[in-house]
Amino acid sequence: MKDRDKDAIEKLIRLTGPRPAVPDETAQRVKEAVHQHWRESVEDRRRPRRIRAGFAMAAAAAILFTIGLVAWNNLGPLSGNQDPVVVLAVSGSTQWNVGDHLDTGALVTTPEDGGLAIGTGPLQSVRLDSGTTVRLLTPDTLALDQGAVYVDSRGSGGDEAPDLTIRTSLGDFREIGTQFEIRLSEDTVRARVREGRIAVQHNENELEVVAGHEMEINYRGEVRRGEIDPASHEWGWIGELTPMMEIEGRPVLEFLEWIVRERGLQLQFEDPALYSSAGETDISGSIDGMSLDQALEAVLPTCGMTYRIHNGTLTVLRAND
Amino acid sequence: MNFENRRLVKQMLAGEERAFDRFFDEYFPGLYRFAMTRMDGNPDGAEEVAQATLCAAISKLATYRGEAALFTWLCTFCRHEISAWYRRRDRPGKKIDLVEDSPEVAGALDSLRAVLADGPESRLEQMELTRLVHVALDRLPGRYANALEWKYLEGVSVREIAQRLDLSTKAAESLLTRARGAFRDGFSSLTGNRLTLRGGTI
């Protein structure tokens, strides 16, 4: 660092003085209260997990039951997108590395042989397909100039949580707690919604696309709607850019919910006891560097489980069945 | 990825007392100041909100993935707790546009360009500049912020800083260099890069 930098920082810190101190008695009071809460949470964590009674009783009525596509939304509150935009995963020969920060105004281009996943908030990520160019206009707005992006937002829109908007030459697409893909070609933009819904600003109109549907807008302004398969192979590129879950110490159930959400599948268990077991069994290990399929193959046998995927549903079975 | 933060969280989840002490000592003062700024300087409210924030965050600690810095992650809880605090009192939350919340308003700070050369134009500007410097310090790892304050405000020698941090003198020098770099980047980003410390200009 240059001496002039040092001088400027020294001058600035001297000019503004020390940070206001927290009164000792305040800190002490809060520390005691928070410490007690922390100890209780550590003890809770060490106790065997219990499934909520209401859910378990309802589940017992059926031999086979479906959890459905539950939003994996227990990761804390939305941030209002004030967190730095950071690279979460890369593939191919991209110039970016995991952990790189992107500033507002950044122009991001992916090569023909690889893509990128970026985190735009604690509960929000955007994956860029190969051959994609985006500009980070604001922390809440990405301009898609070419290629395709996939937005995964695990929260619902609210006053304190600005929704992410994908801006294209043919319309703006605003997420409302959802998973969706926007693909821009020369004269068409297509939005496909896997979960939740999105708002589309097209000319003077605000349109909506809901889960399981797509909307295409061409350069003449014509709008076409259709249905989609949330688990089709067309979503395959997303799996290659999945920021992998840290599974160490997490229940198998949470891992499975994450997998089905990434794959656009429904989750189903052979019986209620197996579902309970998945909620009570913690995983030890890591799936870094694995594909989603490899992760399933690696994790489930260690928990005495296996699975099959059929008709858009992942069914969890006992390993000895 | 914030590996250091993730390690601290893992240690806390494992129930390590020293990790809790580090967590509290490093983040509580910054959160308290974060809340105070957004609650009209109400110390009782800030205390209540900071405590609620830490308790809420601890309950969700296992979900921290290190994608954002831990302090940034805690601030998301704090914003919710502040809103809840106002809601409980049937009062609308104060809408405060802070630079660190909305980079777009950073333009208002353009007039501070000459601060270091000529001194603040007004008391208000000085206060805003002071607040931003303190926010930038609060967002640094605790050791970095403390080292910078010890060095520049208390005139503590590098050797003494090394002793306080249980480091070699060389490691302390290196830490100070990293601290200055992190401060410079953090401060510049807070002001939307309108006030940069590169090349000694501001």
Report summary line: Checked against (1) facing chain A (nearest Cβ under 7 Å); (2) assigned to a helix (DSSP H, G or I), B:Asp25 satisfies every condition except (1)
Report task. Pick out the one residue from A:Asp172, A:Asp163, A:Asp152, A:Asp145 that is assigned to a loop (DSSP other than H, G, I, E, B), assigned by TED's automatic domain parsing to the domain that holds A:Val210 and of a type in the set (Asp, Glu). Result -> A:Asp163
Report summary line: Restricting segment A:231-242 to residues that are surrounded by fewer than 20 Cβ atoms within 10 Å (Cβ to Cβ) and either within 18 Å of A:Gly289 (Cβ to Cβ) or of a type outside the set (Asp, Glu) (or both), the one nearest to the chain's Cα centre (by Cα) turns out to be A:Gly239
Query raised in the report: How about segment B:132-178: which of its residues are aliphatic (A, V, I, L, M) and more than 10 Å from chain A (Cβ to nearest Cβ)?
Result: B:Leu140, B:Ala147, B:Val156, B:Val158, B:Ile161, B:Ala162, B:Leu165, B:Leu167, B:Ala171, B:Ala172, B:Leu175
Query - For A:Arg50: the one exception among (1) at pLDDT below 75; (2) assigned to a helix (DSSP H, G or I) - result: (2)
Query - Test for A:Glu270: is it surrounded by 17 or more Cβ atoms within 10 Å (Cβ to Cβ), assigned by TED's automatic domain parsing to the domain that holds A:Ser291, modelled with pLDDT of 85 or more and in contact with a Leu (Cβ under 9 Å, 6 or more places away or on another chain) - result: yes
Query raised in the report: When segment A:100-116 is examined, which residues are found to be within 12 Å of another protein chain (Cβ to nearest Cβ) and either among the charged types (D, E, K, R) or loosely packed, with under 14 Cβ neighbours inside 10 Å (or both)?
Result: A:Asp100, A:His101, A:Asp103, A:Gly105
Query raised in the report: Which one of B:Leu70, B:Leu31, B:Leu74, B:Leu54 is facing chain A (nearest Cβ under 8 Å), surrounded by 20 or more Cβ atoms within 10 Å (Cβ to Cβ) and within 23 Å of B:Arg143 (Cβ to Cβ)?
Result: B:Leu54
Report task. Test A:Tyr275 against the stated conditions and say whether it is aromatic (Phe, Trp, Tyr), in contact (Cβ under 8 Å) with a residue 12 or more places away in the chain and outside any loop (DSSP other than H, G, I, E, B). Result -> yes
**Report entry** Set A:Arg261, A:Arg224: member being without any contact (Cβ under 8 Å) to a residue 12 or more places away in the chain and either within 14 Å of another protein chain (Cβ to nearest Cβ) or out of contact with any helix residue (DSSP H, G or I) (no Cβ under 7 Å at 6 or more places or on another chain) (or both)
**Finding:** A:Arg224
Query raised in the report: Which residues, taken from segment B:5-34, are within 17 Å of B:Ala69 (Cα to Cα) and acidic (Asp, Glu)?
Result: B:Asp25, B:Glu26
Query raised in the report: If you go through segment B:35-51, how many residues are under 21 Å from B:Ala136 (Cβ atoms) and either modelled with pLDDT of 90 or more or within 9 Å of chain A (Cβ to nearest Cβ) (or both)?
Result: 4
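The values are calculated or read from the model by the stated rules, or taken from the named source; none is laboratory data. Because the structure is predicted, anything quoted here is derived from the model rather than measured. Don't worry about glycine lacking a Cβ; one is built from the backbone with ideal geometry, like all the others, and counts go over all protein chains shown.
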